[in-house]
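What follows is a single structure, written as structure tokens, with notes after it.
The values are calculated or read from the model by the stated rules, or taken from the named source; none is laboratory data. Since this is a predicted model, take the numbers as computed values, not measurements. So basically every Cβ, Gly included, is an ideal-geometry build from the backbone, and we count neighbours across all protein chains shown.
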Amino acid sequence: MTPDRPEFRLSDSDRQDALDALGEHMRTGRLDIDEYGERSAKVTLAKTRGELISLFTDLPEPRPEVLREHLPAPPSARLPERRRDGWLASSAVPIAAVLALVLFLTVLRGFWPVFLIPAAVALLAGSAFAFRPGRR
């Protein structure tokens, strides 16, 4: 049996699996008690897979096993993964600026081109991370 056939009839275990999934959504706060009652009543009366589809389209996992491949997965609620290599580029420029200031005030005593160091670091760090293969 393939899950893309909505006319296939449900078994008792399919309906129980759907009720368990609805119960989990109620426990996590996605459904209130009234909505859970309405949906669970529809699950107990459902005869085919197609009758369950509308009950789970607005809910993420868990879903009943009988609908797992039939319904598209909802968009991920997770935050995008932070890039670990960006910290070097973003912290290199301030570090270079502080270093240039320290050099200007102590060792080089007024040699103003030392302030070109942060600009050079910014260009190098930006180009090092901007043109990497496979990066979008």
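Report, by residue number, each residue of segment 49-59 that is outside any helix (DSSP H, G or I) and exposed (fewer than 15 other Cβ atoms within 10 Å of the Cβ). Steps first, please.
Let us first name the residues in segment 49-59 that are outside any helix (DSSP H, G or I), namely 57-59.
Within segment 49-59, Thr57, Asp58 meet the criteria.
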* To do: Within segment 86-97, identify whether any single residue is assigned to a loop (DSSP other than H, G, I, E, B), exposed (fewer than 15 other Cβ atoms within 10 Å of the Cβ) and either in contact with a strand residue (DSSP E or B) (Cβ under 9 Å, 6 or more places away or on another chain) or at pLDDT below 85 (or both), and answer yes or no.
  => no
* **Unmet criterion (only one of (1) farther than 18 Å from Arg68 by Cβ; (2) in contact (Cβ under 8 Å) with a residue 24 or more places away in the chain) for Arg5** => (1)
* To do: Answer with yes or no whether Val66 is surrounded by 12 or more Cβ atoms within 10 Å (Cβ to Cβ), out of contact with any Leu (no Cβ under 6 Å at 6 or more places or on another chain) and modelled with pLDDT of 80 or more.
  => yes
